[in-house]
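Laboratory data are not the source of any read-out in this text; all were calculated from the coordinates shown. Just so you know, these numbers come straight off a predicted model, no measurement behind them. Note: ideal-geometry Cβ built from the backbone for every residue, glycine included; neighbour counts use all protein chains shown.
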Amino acid sequence: MDYREEFIRIFKTHITRPGSEKLLDWLEGTDFFTAPASTRFHGACQGGLVMHSVNVYNALHDHFFTDGDSEESFAICALLHDLCKANYYKLGTRNVKNEATGQWEKVPSYSVEDRFPYGHGEKSVYLIERFMRLKTAEAVAIRWHMGGFDDSARGGSFAISDAYNSYPLAVKLHIADLEATYLMEKGTSSVPRQ
């Protein structure tokens, strides 16, 4: 599957809100379509981020979409939840010992080079809203899509419970993100884990 092509198809089909075309144009000027989804876990490969975004959309839509739900909200949340990772990773190499030969070899690696350290979900919401307005449920879902992995939640914030109790879309997006990350994208990293 050409994930870039599929992302753009879903985006243009379902996201018609004012400013959406400018957001898509901005994305084209970033590394969003070639960036990895992580440094070494799921989607740590060229194009991993767009693959992950499409997988989250498919998981979210397949499991949770019902009559009355907004196709646009589902597409916005799934496709753009990790917008914060555009222009975020840097490609490099690191040395790893080949267990079979005993020799050290250079292997590809990704590192974080965050030039706008604004949080994870918060940064995605901020970047989206530079171009188009989000509905409250969309903003909350994107903000809290990391669930218990979010730094605020790990630090003891209880706001995530309020978010999940008040906005079912936030729970659905988190579950879809987990499914894409741990089930659909298992083995998609081109970077060896240590």
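Which of Trp26, Trp144 has the fewest other C-beta atoms within 10 Å, and how do the rest follow up to the most?
Trp26, Trp144
Under 5 Å between amide H atoms, partner at least 5 residues away or on a different chain: which partners does Glu185 have, H built in plane at 1.01 Å?
none
For the chain, what is the calculated [θ] at 222 nm in deg cm²/dmol (nearest 500), taking -39500 (n - 2.57) for each run of four or more DSSP H residues and dividing by its residue count?
Taking each H run of at least 4 residues, the total per residue is -13500 deg cm²/dmol.
In Å, the Kirkwood hydrodynamic radius of the chain over pairs of distinct alpha carbons?
17.3 Å
What are the residues whose amide H is under 5 Å from the amide H of Tyr89, where those residues sit 5 or more places off or on another chain and H is modelled from the backbone?
Amide H neighbours of Tyr89, under 5 Å, 5+ apart: Glu113.
DSSP loop (so not H, G, I, E, B), at most 14 other Cβ within 10 Å: list which GluC sites (Glu not before Pro) in segment 69-173 pass both filters.
For GluC sites (Glu not before Pro) across segment 69-173 that sit outside H, G, I, E and B with at most 14 neighbouring Cβ atoms in 10 Å, the list reads Glu99, Glu113.
Using square roots of five times the C-alpha gyration tensor eigenvalues, list the equivalent-ellipsoid semi-axes of segment 1-80 in whole Å, biggest first.
21, 17, 9
With a cut-off of 8 Å between alpha carbons and a minimum separation of six or more residues, what is the relative contact order of the chain in percent?
27 percent
For a quick check: sort Val96, Val56, Val112, Val50 by the number of other beta carbons within 10 angstrom, fewest at the front.
The order, fewest Cβ neighbours first, is Val112, Val96, Val50, Val56.
Using the alpha-carbon centroid of each, what span in Å lies between segment 18-39 and segment 99-149?
So the two Cα centres are separated by 13 Å.
Using 7 Å Cα-to-Cβ label points, what is the Asp162/Asp2 separation (nm, one decimal)?
Calculated label separation equals 4.6 nm.
List the residues, sorted by chain then number, that are 5 or more residues from Arg94 or on another chain and whose placed amide H is less than 5 Å from its amide H.
Val107, Ser109
Just want the ordering: His63, His81, from fewest to most Cβ atoms lying within 10 Å of their own Cβ.
In order of increasing Cβ crowding within 10 Å: His63, His81.
Residue by residue through segment 134-144, what is 3J(HN,Hα) from phi via Karplus (6.51 cos²θ - 1.76 cosθ + 1.60, θ = phi - 60°)? Round to whole Hz and write x for glycine and proline.
Working through the residues one at a time gives 9, 6, 4, 4, 5, 4, 5, 4, 5, 4, 10 Hz.
When the Debye formula is applied to the Cα atoms of segment 111-192, each taken as the same point scatterer, what base-10 log of I(q)/I(0) results at q = 0.13, 0.17, 0.24, 0.26 Å⁻¹?
-0.48, -0.79, -1.21, -1.25
Tell me, what ³J(HN,Hα) does each residue in segment 159-170 have, in order and in whole Hz, if you take phi through Karplus 6.51 cos²θ - 1.76 cosθ + 1.60 with θ = phi - 60° and put x for Gly and Pro?
Each residue's phi maps through the Karplus curve to give 4, 4, 5, 4, 4, 5, 5, 8, 10, x, 4, 5 Hz.
What list of ³J(HN,Hα) couplings, whole Hz, do you get for segment 111-118 from phi and the Karplus terms 6.51, -1.76, 1.60, once you set θ to phi - 60° and write x for glycine and proline?
10, 8, 9, 8, 8, 9, x, 10
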